[in-house]
Each structure stands twice: as structure tokens, then as C-alpha cells.
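**Q** Sharing a structure here in C-alpha cells format.
The values are calculated or read from the model by the stated rules, or taken from the named source; none is laboratory data. The structure presented is a predicted model; accordingly, all values stated were derived computationally and were not measured. When we count neighbours, we look across all protein chains shown, and the Cβ atoms used for this are built from the backbone with ideal geometry, even at glycine.
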Amino acid sequence: MNEFRQDSSQYRRVVVKIGTSNLTQGSAAINRDQIGRYADQIATLLGADIQVMVVTSGARAAGLERLNTGLDTAATHTKQVLTSIGQARLAGYWDQAFAEHGVLVGQILLTRHEIEDSVSYLNIQDTLGALLERRIVPIINENDVVATSRLKVGDNDSIAAMVAVMMQADLLLILTETDGLYSKDPSRHPDAEHLKTVPVVDGRIRAMAGGTSTDQGTGGMTTKLEAAQRAQRAGVDTIIADGARDRIVPRIVLDREELGTLIPGLGNLLQNRQRRILTAVPAGTIQVDMGARNALVNRGTSLLPAGIKGVDGSFRRGETVRLSLLDGQEFARGISRYASAELEVIKGVQSSQIASLLGYDYGAEAIHRNDLILI
């Protein structure tokens, strides 16, 4: 077995990205039987207690099924109209397919703004986490209907990588029309070599990819490698594989077959997350008592509101803050799950009182232990 795949049995949280071409299979319409087959495969993973998020393309193709005459399909407003119609239809197809297995789905539409904004980032993270805890499959797509060019990510390969990093997934599985990466275009060069593993995505590897995309989709192999590189830097494995292969998803995730091309994650997910916390500019300071400090340092707990004594600075939910004792001695940094104004209200109280004081809550922790690093 390839040395990079020895730990694939540890894939407990997976993002599966499915391209338009995998869903249309050469036609202009969505193949609902193919969606059903993917749902069957993903349900197999759910049965093995693996959490799965689906990033699906195909909304525009689904829209063309209902509105397909006299259209300038190259016009931006036409694309948005088709996507608006198609998003509802596509989500319905997935809902019906998973219903055959007694599995619920939840639709998530994203733009660059939601992903890059610290507040909405945490909201998305919380929502996806809540769906996964309830064994509900998130069906994710870029919100092309409202996204301007400035707010667009541009392709679902990148969306899938961003979600994989955000949710600390173990694997990003990108399904496409080819069995991963080749040294040359295999349709033009019979001697093209299939690459089973790409240790690092560099200029030489990107040059092999070319830049083509399908008529209905936006992502060629170049965008897939860019997505894989983003995931790799965050410690997430990526496998690019042929989505038309029988049982491709469970064969890779459960059976550990060496299909497609593996781009292994570099480093540890948690270490990479903590590195980002450490290098961010703190937006404020949370002062805690000695009891809270000892619990954080010695027992690795999360910071609860009960241990907070003071708040300095104005910061939003999702921003990085310092943690210090009352004498100002900094001992940790972390991502605050509440804004400074909210912490002023709930500091010193039990977590069970948060909702009654604020009228809502974002969880029991002010800072979760996974979002905290000691310094």
C-alpha cells in the first residue's frame, strides 16, 4: 500500500465534491439516477459513522431542464436566472435520493464574503457542525445567484477546499471525468503516466494540468490542483478520482483502494489551525481568573464565561483575542465565539444562563479548546 494512504482508515470526516459532468454524464440534463447512485455510496459511509459533506455543481444544468429556449446562456443575468431555478431543483434531487436511505439533507449556499468574514465563518462552521452531529448531509454550492464577481469564489473545487479546511475534514474527495492527474493529456498522449501520488503541488505539477473546463462547469484540473494545494497546506488529504467508477466513494474511503491521485495533507490539522491563531493580530483581550487559567493550562479545557473577569477592546465574534490574568500577563490566544459586547453581559455567569441573558447563544464556550493555543 502507498505510504501516504496507510492512515486512510482514519478518514472520519469527508468532503465529496461532485462536478457537473459527473451529474450530466455527457447530456444537457441532470441524470437523477446518477445522483441516486452517489447518495447510495455516501449512505454507505454514513453507516460506517463517517461524516460527509457534499459540494455539488450542476445548478445551471438543472435550471436548463425547465428554461431552455431563446436564452443567451453566456449572459450573466441568464446564468443567474438558470442557477436560481436550478438550485431548488438540484437540492430537491439530492433530498429525494437520500430519503431512500432515511437521511435528511440541508442546503448551504456560500459566497466568498461568508467564508472570509469572521462572524459568518463561525456561523457556517456551527451550522455545518450541527448538521453533521445530527447525521444530516450538507448539500453545498456557491451562491451564484447573488454573488458579484468580487464575492464569487469562482468554482466549487475551491469552495470544497475551503469547507474542508473550515471543518477540519480528514479528506477532500474531488470527483471528475479522469482518474486523477497524468503527466500529459491522456486523450492525446497514449504514453501519459498516471500519477498515484503528488507529494507537493508545485509549478511542475501545475504545468501538467492544463486549463480546460467543461461547457457546463467552471473547473478544470488546474482549479482542482489549486483546491488540493489549499487543503494540503491545512493538513487535509485530497484525492482526485474518476466519478464514473463503480462505488468510487466507498472504495476510496472505506476499502482504501488506491484509485485516483492522492495529494497528502502536510502537517497536523490542529497544529495548522493553531498556527493561524498565533500569527493573527489580536483584536482585544479577555481577562480570566486563576482558576480558569489553571483549567486551560493544566487540563486543556475550553474557556467558559464563568471564568471571565474582564474584557478589553472591541472585537467581533470569530476574531482572535489574547487571554490574560488580571495583572495583564498573557498566557494564551484564541478565537472568541462571542463579541466583546456579548462577553461583557455574560462574563462570570454559568453557561446555562447565556440564552436568558442574550436571548440566544452560540454554545457554552467563550473559546473552544480547539480554537486556543497556549503561549
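**Q** Please work out which residue is nearest to residue 129 (Cα to Cα), limiting yourself to region 354-372 and to residues that are out of contact with any strand residue (DSSP E or B) (no Cβ under 8 Å at 6 or more places or on another chain), surrounded by 13 or more Cβ atoms within 10 Å (Cβ to Cβ) and hydrophobic (A, V, I, L, M, F, W, C).
**A** The extreme case among them is 364.
**Q** Could you look through region 170-224, keep only residues that are crowded, with 17+ Cβ neighbours inside 10 Å and of a type in the set (Asp, Glu), and pick out the one that is modelled with the lowest pLDDT?
**A** 179
**Q** Right, next: Does residue 106 count as in the same structural domain as residue 14 (by TED's automatic domain parsing) and either within 21 Å of the chain's Cα centre (by Cα) or assigned to a helix (DSSP H, G or I) (or both)? Working first, answer last.
**A** On the way: in the same structural domain as residue 14 (by TED's automatic domain parsing): yes; either within 21 Å of the chain's Cα centre (by Cα) or assigned to a helix (DSSP H, G or I) (or both): yes.
When the stated conditions are applied, residue 106 passes them.
**Q** Now, a different point. Looking only at region 131-149, count how many residues are of a type outside the set (D, E, K, R) and within 14 Å of the chain's Cα centre (by Cα).
**A** Result for region 131-149: 7.
**Q** Among the residues of region 75-116 satisfying the criterion of being more than 20 Å from residue 23 (Cα to Cα) and among the hydroxyl-bearing types (Ser, Thr, Tyr), which is surrounded by the fewest Cβ atoms within 10 Å (Cβ to Cβ)?
**A** 76
**Q** So, in region 348-375, how many residues would count as being in contact with a Gly (Cβ under 7 Å, 6 or more places away or on another chain) and of a type outside the set (Val, Ile, Thr)?
**A** 3
**Q** Also: Modelled with pLDDT under 95 and within 24 Å of residue 166 (Cα to Cα), is that true of residue 279?
**A** On the way: modelled with pLDDT under 95: yes; within 24 Å of residue 166 (Cα to Cα): yes.
Judged against the criteria, residue 279 is a match.
**Q** Any idea which of (1) in a helix (DSSP H, G or I); (2) within 14 Å of residue 98 (Cβ to Cβ) is the one residue 53 doesn't satisfy?
**A** Answer for residue 53: the failing condition is (1).
**Q** Then there's this: Which count do you get for residues in region 232-266 that are surrounded by 20 or more Cβ atoms within 10 Å (Cβ to Cβ) and closer than 16 Å to residue 52 by Cβ?
**A** Final tally of qualifying residues: 10.
**Q** Which of (1) closer than 25 Å to residue 239 by Cβ; (2) in contact with a strand residue (DSSP E or B) (Cβ under 9 Å, 6 or more places away or on another chain); (3) not in a strand (DSSP E or B) is the odd one out, the single condition residue 267 does not satisfy?
**A** (2)
**Q** Still on this structure: Check 300, 284, 313 and return the single one that is more than 21 Å from residue 339 (Cβ to Cβ) and among the small types (Gly, Ala, Ser).
**A** Working: 284 fails: more than 21 Å from residue 339 (Cβ to Cβ); 313 fails: more than 21 Å from residue 339 (Cβ to Cβ).
Exactly one of 300, 284, 313 is more than 21 Å from residue 339 (Cβ to Cβ) and among the small types (Gly, Ala, Ser), namely 300.
**Q** Here's another thing I want to ask about it. Return yes or no: is residue 235 over 25 Å from residue 20 (Cα atoms), at pLDDT 85 or above and not aliphatic (A, V, I, L, M)? Steps first, answer last, please.
**A** On the way: over 25 Å from residue 20 (Cα atoms): yes; at pLDDT 85 or above: yes; not aliphatic (A, V, I, L, M): yes.
For residue 235, the condition - over 25 Å from residue 20 (Cα atoms), at pLDDT 85 or above and not aliphatic (A, V, I, L, M) - is met.
**Q** Would you tally the residues in region 133-168 being of a type in the set (A, V, I, L, M, F, W, C), in a loop (DSSP other than H, G, I, E, B) and modelled with pLDDT under 95? Break it down stepwise before answering.
**A** Quick first cut of region 133-168, residues of a type in the set (A, V, I, L, M, F, W, C) only: 136-137, 139-140, 145-147, 151, 153, 159-167.
Subsequent filtering for residues that are in a loop (DSSP other than H, G, I, E, B) retains 136, 145-147, 151, 153, 167.
With modelled with pLDDT under 95 added as a condition, the list becomes 145-147, 151, 153, 167.
Total meeting the criteria: 6.
**Q** Going through 337, 316, 275 one at a time, which residue ends up being under 26 Å from the mean Cα position of the chain (by Cα), surrounded by 20 or more Cβ atoms within 10 Å (Cβ to Cβ) and closer than 26 Å to residue 114 by Cβ? Walk me through how you get there before you give the answer.
**A** Working: 316 fails: surrounded by 20 or more Cβ atoms within 10 Å (Cβ to Cβ); 275 fails: surrounded by 20 or more Cβ atoms within 10 Å (Cβ to Cβ).
Testing whether each residue is under 26 Å from the mean Cα position of the chain (by Cα), surrounded by 20 or more Cβ atoms within 10 Å (Cβ to Cβ) and closer than 26 Å to residue 114 by Cβ leaves just 337.
**Q** Just to be sure before I move on: is residue 198 in contact with a helix residue (DSSP H, G or I) (Cβ under 6 Å, 6 or more places away or on another chain), farther than 23 Å from residue 239 by Cβ and of a type in the set (A, V, I, L, M, F, W, C) in the structure I sent?
**A** Numbers: in contact with a helix residue (DSSP H, G or I) (Cβ under 6 Å, 6 or more places away or on another chain): yes; farther than 23 Å from residue 239 by Cβ: no; of a type in the set (A, V, I, L, M, F, W, C): yes.
Here the answer is no, as residue 198 does not meet what is asked.
**Q** Find the helices (runs of 4 or more DSSP H) located wholly in region 272-375 whose residues include 2 or more that are closer than 28 Å to residue 235 by Cα and in contact (Cβ under 8 Å) with a residue 24 or more places away in the chain, and list them.
**A** Details: elements: 290-299, 340-346, 354-358.
Ranges flagged: 290-299.
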